[in-house]
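What follows is one structure encoded as structure tokens, with my remarks underneath.
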Ligand SMILES: [Zn+2]
């Protein structure tokens, strides 16, 4: 379950900064991911709701898990090498 927007209560999508990989672009086109571009703010939010509200959720692990699930659903293959 993704976190809800503290302002409007809508379900959040993981907010990704930097140059997106193709799978991230596809996920963003479906609204399952939000792209923050290359702007690096001092206080970096990590979730965005469909109404463009952004906020920071301290649970980085949940963000990463959610982000990876969305990317994999769009064909991303995580590296399994160690
Ligand atoms: Zn909102």
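How far apart, in nanometres, would the label points at residue 69 and residue 4 be if each is projected 7 angstrom from Cα along the Cα-to-Cβ direction?
1.7
Taking 8 Å as the Cα distance limit and 6 or more residues as the minimum spacing, I'd like the relative contact order of the chain as a percentage.
Relative CO of the chain lands at 31 percent.
Would you mind calculating the gained length between residue 11 and residue 29 on full extension (0.36 nm times residue separation, minus the Cα-Cα distance), in nm to one decimal? Can you show the working numbers first?
Working: separation 18, 0.36 × 18 = 6.48 nm, distance 1.63 nm.
Result: 4.8 nm gained on full extension.
Going by how many other Cβ atoms sit within 10 Å of their own, how do 68, 1 line up, fewest first?
Taking fewest neighbouring Cβ atoms as first place, the list is 1, 68.
Return the calculated 222 nm mean residue ellipticity for the chain, to the nearest 500 deg cm²/dmol, obtained by summing -39500 (n - 2.57) across DSSP H runs with n ≥ 4 and dividing by the residue count.
The helix-only estimate for the chain comes to -8000 deg cm²/dmol at 222 nm.
How far is helix 60-73 tilted off the main Cα axis of the chain, in degrees rounded to 10, range 0 to 90?
Orientation of helix 60-73: about 50 degrees from the principal axis.
Rounded, prolate or oblate for segment 1-74? Axes are the square roots of the Cα gyration tensor eigenvalues, ordered a ≥ b ≥ c, and the cut-off for rounded is a/c under 1.5.
Since a/c stays below 1.5, the shape of segment 1-74 is classed as rounded.
A short reminder: the numbers here are calculations on the coordinates, not readings from a lab. Because the structure is predicted, anything quoted here is derived from the model rather than measured. Quick reminder, even Gly has a Cβ in these numbers, built from the backbone with ideal geometry, and neighbours come from all protein chains shown.
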